[in-house]
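A quick write-up on the structure given underneath.
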């Protein structure tokens, strides 16, 4: 089970946040649904900093539907007033039904003209007790209908291969290079790169770096006394300097600075 706050740099700043499993029919298309809800007093805001998963997200908010591309760096959003979002972390198999060019969406979001989906999710979120579960179910059902029948058993399809690739690169700490991933999936490195480009928009190496960076941030936050040189070695970095460079390139600060920023005050 994925830690529900993994990728969130400062969980204590989160508004009410829920992570829900997809419907059985949508398991090949959605990693999980996520629903934040907030009600922030006038004149104040809540900044949410994340180092996102290497994936696209489909998000419905009160004012519309957006497809959010994968990111190449840390990102943030300043929440104010009262609101909510209903999002789905997309598995690679879902992506071709929504965009032909996920790489063109890196660090970007595009509006989707989907009034039926928008209206149904808004109605679910306004429906009282159980609203989150109903909203997630609406999003899952819409995506299943949009993609069509999910691949069945038999020979691997590109979508199934892309899902397997993403699952491995996002979760397996023993996979530290694209070559290792390609060997485990019984494909060439070139095929692995094509799958990542077509279904995610990031390279396999970038997806591996994102997983390592997420884990590094989580371990520093949970145990501020952790030794950074040991952490770097555990995660497969050549040395502590490489870990620091990765942090700085994506997040704009070093692990030592993050330890200070994330420590309870």
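Please go through region 15-27 and pick out each residue that is outside any strand (DSSP E or B), more than 17 Å from residue 98 (Cα to Cα) and in contact with a strand residue (DSSP E or B) (Cβ under 9 Å, 6 or more places away or on another chain). 15, 21, 22, 23, listed by residue number. Per the conditions (1) outside any helix (DSSP H, G or I); (2) surrounded by fewer than 16 Cβ atoms within 10 Å (Cβ to Cβ); (3) free of Cβ contacts under 8 Å to residues at least 60 places away in the same chain, the sole criterion not satisfied by residue 191 is (1). When we screen 148, 201 for residues that are surrounded by 20 or more Cβ atoms within 10 Å (Cβ to Cβ), in contact (Cβ under 8 Å) with a residue 24 or more places away in the chain and under 25 Å from residue 58 (Cα atoms), the only hit is 201. The residues listed here are 112, 105; of these, the one that is under 21 Å from residue 199 (Cα atoms), at pLDDT 95 or above and within 17 Å of the chain's Cα centre (by Cα) is 105. Of all residues in region 176-188, those satisfying the criterion of being in contact (Cβ under 8 Å) with a residue 24 or more places away in the chain and surrounded by fewer than 23 Cβ atoms within 10 Å (Cβ to Cβ) are 176, 177, 178, 185, 187. When the residues of region 28-57 are filtered to those that are part of a loop (DSSP other than H, G, I, E, B) and crowded, with 16+ Cβ neighbours inside 10 Å, which remaining residue is modelled with the lowest pLDDT? The selected residue is 51.
When each of 209, 248, 219 is tested for being within 22 Å of the chain's Cα centre (by Cα) and within 21 Å of residue 103 (Cα to Cα), the lone residue that passes is 209.
The values are calculated or read from the model by the stated rules, or taken from the named source; none is laboratory data. Note that the structure is predicted; figures quoted are calculated from it, not measured. Note that we place each Cβ from the backbone using ideal geometry, even for glycine, and neighbour counts take in every protein chain shown.
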